[in-house]
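The values are calculated or read from the model by the stated rules, or taken from the named source; none is laboratory data. All values reported here derive from a predicted model rather than from experimental measurement. Cβ placement follows ideal geometry from the backbone for every residue including glycine, while neighbour counts extend to all protein chains displayed. What goes into the accessible areas is simple: the full protein's heavy atoms, side chains included, and nothing from ligands, DNA or RNA. Shrake-Rupley method; radii C 1.70, N 1.55, O 1.52, S 1.80 Å.
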Amino acid sequence: MSTETQWPLWEVFTQEGDAAPHEHAGSVHAVDAEHAMQNARDIYARRGKVVSLWVVPLDAITASSPGDAGPLFDPGSDKAYRHPQFYKSPRGVKIF
Amino acid sequence: MTVAAAEDPVKLAEFEARLERGETIEPKDWMPEKYRKQLVRMMSQHAHSEVVGMLPEGNWITRAPSLRRKMVLLAKVQDEGGHGLYIYCGTETLGVGREELIEQLLTGKAKYSSIFNYPTLTWADIGVIGWLVDGAAIVNQTMLAKTSYGPYARAMIRICKEENFHKRQGYEICTVMAKGTPAQRAMVQDAVNRWWWPSLMMFGPSDATSPNSAELMRWRVKRETNDALRQRFVNLTIPQAQAIGLSVPDPDLRYNAETENWEFGPIDWSEFQAVIAGNGPCNRERMAARRKAHADGAWVREAAEVHAEKQAARAREHAA
Ligand SMILES: [Fe+2]
Ligand SMILES: [Fe+2]
């Protein structure tokens, strides 16, 4: 067997239908962006609703780590005043 | 527990508590080494099965009896290649490279499903594979769509959506042949006779004798036992066989009204062990075909790399 190099990894995001968000679908190996796009089309858009593809080199993604979840996301859940239920309005008044 | 002894007990307890709460484990989360290992083994076997599974069916693409059947079979086989890639990419999130996994397949170190070591002798086999083999795979994969490892579960959800067409096209072929001439009916019955028991073996040995089952269940990699899945498959399949006038080659088969199960006769596990050990009817042929395909594709992989390098160099020149 010849020595095999492995093409770099690209993460693939698909948009399934107009106005939908791009969502992570999986990854492909490819030599460059164009190749990644072709592979992503063949693997993640074989049928159905995909209207747009993004391919992103894995190295370009910075991800939060599970250990940071507390400091990063806890502040989001202890501020009740960010939610509409925090506020009282007079009975019978239609706010929306 | 000897397995867990080497792991940090606090982290292990946290991990198991997460699973207990039904949480999903993601690639960067802490996990016991054994969990990672079991997943790599299971997922890579699964990916290899998808890839090797293209061979018995690919065998019939050029001989499909109509253009419609040929288009369908091409699309199905292409899907199976895609399934392999979904799962390889899921496995890579556990820190193993795809080239490493493929190397293990090609050198015979890694296993794949024993079912793909049986030959496809007639066109009816293509129908029966879709109906029984993909049918069994769906039962297994529907369970795995709820597995505790996120990337595996997500790959399974994607796969399950595509498998339904595989089973339907297979059952359609069987239906048409079962309603056809006496020769066609005999041909499809013969295919069922050959594929029935190997299909039941796809779920793996009985849990009592399956060394990994208990741990895989405890860590929610698997949510149901091999035997439970096998029984579900039989219960689903027998009415489908009856509906088109086909039988399965099991004299002990009978319906138990109390349990609502179709009870089946003993499985010949010595055959399963022999096929797993490399002595099935087509093991050597399958591996030779995979190795050849890999070697024949080497120049394409090299050319793609050289092309990309050239493009990059050109882009640098322009920038300078
Ligand atoms: Fe598949
Ligand atoms: Fe399939």
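Residues satisfying the criterion are absent from the range A:75-86 (criterion: among the acidic types (Asp, Glu) and surrounded by 13 or more Cβ atoms within 10 Å (Cβ to Cβ)).
The residues of the range B:277-320 that are under 15 Å from B:Thr107 (Cβ atoms), within 14 Å of chain A (Cβ to nearest Cβ) and open to solvent by 80 Å² or more (accessible area, probe 1.4 Å), listed by number, are B:Arg291, B:Lys292. Would you mind stating whether B:Ala124 is at pLDDT 95 or above, of a type outside the set (Ser, Thr, Tyr), away from ligand 2 (no atom under 16 Å from the Cβ) and in contact with an Asp or Glu (Cβ under 8 Å, 6 or more places away or on another chain)? Here the answer is yes, as B:Ala124 does meet what is asked.
Of all the numbered requirements in (1) of a type in the set (A, V, I, L, M); (2) farther than 19 Å from B:Cys174 by Cβ; (3) away from chain A (no Cβ under 12 Å), B:Met71 misses one, and that requirement is (2). Those strands (runs of 3 or more DSSP E) of the range A:1-87 in which 3 or more residues are within 12 Å of chain B (Cβ to nearest Cβ) and in contact with a strand residue (DSSP E or B) (Cβ under 9 Å, 6 or more places away or on another chain) occupy A:9-16, A:22-29. For the range B:213-300, the helices (runs of 4 or more DSSP H) that sit wholly inside it and include 3 or more residues that are of a type outside the set (Gly, Ala, Ser) and over 30 Å from B:Leu19 (Cβ atoms) are B:226-243, B:269-274, B:283-296.
The set of residues in the range B:137-156 being within 13 Å of ligand 1 (Cβ to nearest atom) and within 13 Å of another protein chain (Cβ to nearest Cβ) consists of B:Ala155, B:Met156.
You will find that of B:Leu55, B:Leu85, the residue that is within 14 Å of chain A (Cβ to nearest Cβ), closer than 22 Å to B:Gly297 by Cα, away from ligand 2 (no atom under 12 Å from the Cβ) and open to solvent by 30 Å² or more (accessible area, probe 1.4 Å) is B:Leu85 and no other.
Scan the range B:157-171 for residues that are open to solvent by 70 Å² or more (accessible area, probe 1.4 Å) and either among the hydrophobic types (A, V, I, L, M, F, W, C) or away from ligand 1 (no atom under 16 Å from the Cβ) (or both) and the total you get is 1. Quick check, is B:Arg154 touching a helix residue (DSSP H, G or I) at 6+ places or on another chain (Cβ under 6 Å) and open to solvent by 60 Å² or more (accessible area, probe 1.4 Å)? No; evaluated as a whole, the condition is false for this residue.
Yes/no matrix, rows are residues, columns are (1) closer than 23 Å to B:Thr175 by Cα; (2) among the polar types (S, T, N, Q); (3) in contact with a helix residue (DSSP H, G or I) (Cβ under 6 Å, 6 or more places away or on another chain):
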position: B:Gln240; (1), (2), (3): yes, yes, no
position: B:Asp252; (1), (2), (3): no, no, no
position: B:Thr259; (1), (2), (3): no, yes, no
position: B:Trp262; (1), (2), (3): yes, no, yes
position: B:Gln273; (1), (2), (3): no, yes, no
position: B:Ala277; (1), (2), (3): no, no, no
